[in-house]
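The structure appears right after this line, and notes come after that.
The values are calculated or read from the model by the stated rules, or taken from the named source; none is laboratory data. This is a predicted model, so every value here is computed, not measured. With ideal geometry, Cβ positions are generated from the backbone for all residues, glycine too; neighbour counts draw on all protein chains shown. Ligands, DNA and RNA are excluded from the accessible area calculation, which covers all protein heavy atoms including side chains. Shrake-Rupley method; radii C 1.70, N 1.55, O 1.52, S 1.80 Å.
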Amino acid sequence: MSAAHGDLGDAADRALWSGRFAEEPAELFRAANDSLPVDWRLVAQDIRGSRAWAAALHSVGVLNADELNRILDGLDEILAVTRDHGVRPPIESGAEDVHTWVEWELTARVGDLGKKLHTGRSRNDQVATDLRLWTMETLDDRVREARMAQRALCELARRAGSTAVPSYTHLQRAQPVLFAHWCLAYVEMLDRDTARLEHARSAAAVCPLGSAALAGTTYAIDRERLARELGFDGVSGNSLDAVSDRDFVLDALSASAVCGVHLSRLAEDLIVYASSEFGFVQLGDAVSSGSSLMPQKKNPDSLELLRGKAGRLSGAFANVLITCKALPLAYNKDLQEDKAALFDAMDQLSLLLRLTALTVRHTHLNEDRCNAAARTGYLNATEAADHLVAAGVPFRTAHEQVGAMVREAIGAGVELHELPMDRVRAHAPDAGPCWSDDLSLAASLARRDVVGGTAPKRVAAALGDWEGRLVADGGGGV
Ligand code: ARG
């Protein structure tokens, strides 16, 4: 292999499997096969896993106490070296992958003793262990970021106070709701996203180490103890499954794809609300950009970027799902594809969640415009029908009567509550004295007084609940 490996000593220059081979691998094959540029990100997990494995080897007498300590010191030194490298993989080492690099570095420090570390272990259980540890850590961070996005939405809900907006079906005005109610809809979605991310985290928290290549290690390792030391919740129950399944990656990616879809909906709503046609919100300069040609433009780029991530996140899920399809037991090199997709998706999900929080914090409501819109467009037609129902008119009849009234009001260019009472009664003889009170915005909101409804007292209670829960989950920003 490459000669440019610095002071790695005679362990370097050879792949971990070179004994069986008479010829060097072709350059092009190496370009496809070497994974160090990607799996370098697992270096801290690889070293943690190796420390725990060294301790396990000591417990079964493969390493004596002195050897264990020298290996542990060597691994600690390597971890320190990786901090100098930062995120840049040491490509010049010529190592095939991160596991090879760590072993070479160890051997360069502790001599042939370093070559004992791989006793009873395979890169198959090693990489599965590393990736599971990485996934657990990254998902903890994503959950924290999702909570932060929820908090930003709660803050916006607080700022919105009693501001009402039209709600839509088919993007046609339907009924008025509090803007805070809109905010809390996304808080709920993000909460389910968080539950999915947490589920994916527990799916990852199963330790494969001790499965070796595929049939189980031949050393009498206490796998439960090893798993506990590494922070796993338990151990895998079947070695063939443990080295070859990546459904924990799929769980993380599907949770991430669904979250991307949810946030694309939030982005789309705000893009529409920020247009001059709607004018419900304005985006701050910090999260907008201009046009190189049209001086007047202020574009909601941050929201479009948020909306655009759904494709990339769904693509990562489809990528690994199809890679796993029809793979025979047990490990196959196809699985090396999992990391690029997972790393990219987790980076993008992080950006997405943090940018959501930032953009929501820079979203300013045009309260007058919102409230005015909530009073127009016949949003109170359902209230009118309900008023007639209260007077004893069957709902279907009331619906017909109010529909005819709306048609007349549209023709006359007025709102329903602006129609003269004699015209109202011409369509609906049972309309009573509370007609205009019942059609008011305040009455319309207050009547939705059920759990999950938009009545101001219900929304206030829901918002208070969320604020309490999100504080309890750990406050703070990013
Ligand atoms: N780079 C490999 C991967 O990501 C590590 C496992 C290699 N195992 C093997 N039998 N070649 O999957």
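Which of the following residues is open to solvent by less than 70 Å² (accessible area, probe 1.4 Å), modelled with pLDDT of 95 or more and among the basic types (K, R): R375, R369, R448, R423?
R448
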* To do: Could you tell me whether segment 335-342 includes any residue that is in a helix (DSSP H, G or I), open to solvent by less than 40 Å² (accessible area, probe 1.4 Å), more than 15 Å from the ligand (Cβ to nearest atom) and in contact (Cβ under 8 Å) with a residue 40 or more places away in the chain?
  => no
* To do: Hey, could you check segment 378-404 for residues that are free of Cβ contacts under 8 Å to residues at least 24 places away in the same chain and within 22 Å of T169 (Cβ to Cβ) and say which is surrounded by the most Cβ atoms within 10 Å (Cβ to Cβ)?
  => A385
* Residue tally, condition in contact with a strand residue (DSSP E or B) (Cβ under 9 Å, 6 or more places away or on another chain), open to solvent by less than 40 Å² (accessible area, probe 1.4 Å) and farther than 16 Å from R201 by Cβ, over segment 237-271 -> 2
* Give me the pairs, please: first residue somewhere in segment 97-109 and at negative phi, second residue anywhere and within 12 Å of the ligand (Cβ to nearest atom) and modelled with pLDDT under 95, beta-carbon distance under 8 Å, and either six or more positions apart or on two chains. => H99/L16; T100/A15; T100/L16; E103/L16
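Hey, among A252, A220, which residue is modelled with pLDDT of 95 or more and either assigned to a helix (DSSP H, G or I) or within 16 Å of the ligand (Cβ to nearest atom) (or both)? Walk me through it before giving the result.
On the way: A220 fails: either assigned to a helix (DSSP H, G or I) or within 16 Å of the ligand (Cβ to nearest atom) (or both).
Checking each option against the conditions leaves just A252.
Determine which member of the set S122, S59, S35 is within 30 Å of the chain's Cα centre (by Cα) and modelled with pLDDT of 95 or more.
S35
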* Of the residues that make up segment 275-290, is at least one at pLDDT 95 or above, more than 16 Å from the ligand (Cβ to nearest atom) and assigned to a helix (DSSP H, G or I)? -> no
* Taking T323, is it in contact with a Leu (Cβ under 8 Å, 6 or more places away or on another chain) and among the β-branched types (V, I, T)? -> yes
* To do: Evaluate the following for R123: is it in contact (Cβ under 8 Å) with a residue 60 or more places away in the chain and out of contact with any strand residue (DSSP E or B) (no Cβ under 8 Å at 6 or more places or on another chain)?
  => yes
